[in-house]
């Protein structure tokens with residue numbers, strides 16, 4: 001009985017996998033850059049980005065650029081293998097692509113032939 005209680009306690013105390021990752025959240029005078037990942041209700045991985053401000057205007061002529069990449073849940077094992085993880089996909093994304101490294105995520109997905117649907121919008 002005591003061993004069963006210990007096993008139950010160990011399972012309860014085991015850390016759970018992250019359900020969200022913030023890869024970039026930069027704010028400076030006149031600019032904001034954000035890139036985050038979460039799971040949709042049907043288990044797909046959704047990566048959302050938004051850039052606002054002077055830097056966007058200099059590049060595109062508008063002050064806002066936003067985008068979404070969606071990786072189907074059936075392709076998540078391929079992403080996990082590319083990230084060399086079998087456990088927490090969100091933690092692996094943060095570890096590899098947090099901060100300035102976030103700029104390399106699209107190239108990584110293409111290099112490893114991980115399919116994703118994309119949507120983007122430029123404009124105010």
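The values are calculated or read from the model by the stated rules, or taken from the named source; none is laboratory data. Computed from a predicted structure; not experimentally measured. Using ideal geometry, Cβ is built from the backbone for each residue, glycine included, and neighbour counts are taken over all protein chains shown.
A few notes on this one:
- Being in contact (Cβ under 8 Å) with a residue 60 or more places away in the chain and buried (at least 17 other Cβ atoms within 10 Å of the Cβ) holds for only one residue in 52, 35, 45, and it is 35.
- Look at (1) in a helix (DSSP H, G or I); (2) modelled with pLDDT of 95 or more and you find that residue 49 fails only one, number (1).
- All of (1) modelled with pLDDT under 95; (2) closer than 20 Å to residue 121 by Cβ; (3) surrounded by 15 or more Cβ atoms within 10 Å (Cβ to Cβ) hold for residue 91 with one exception: (2).
- The residues of segment 102-124 that are touching a residue at least 60 places away in the same chain (Cβ under 8 Å) and farther than 15 Å from residue 70 by Cβ, listed by number, are 102, 122, 123, 124.
- Among the residues of segment 94-114, the ones that are in a loop (DSSP other than H, G, I, E, B) and surrounded by 12 or more Cβ atoms within 10 Å (Cβ to Cβ) come to 3 in all.
- The condition of being out of contact with any strand residue (DSSP E or B) (no Cβ under 7 Å at 6 or more places or on another chain), outside any helix (DSSP H, G or I) and under 19 Å from residue 118 (Cα atoms) holds for only one of 84, 42, that being 42.
- Residue list for segment 61-77, restricted to those being surrounded by fewer than 17 Cβ atoms within 10 Å (Cβ to Cβ), in contact with a helix residue (DSSP H, G or I) (Cβ under 8 Å, 6 or more places away or on another chain) and part of a strand (DSSP E or B): 64
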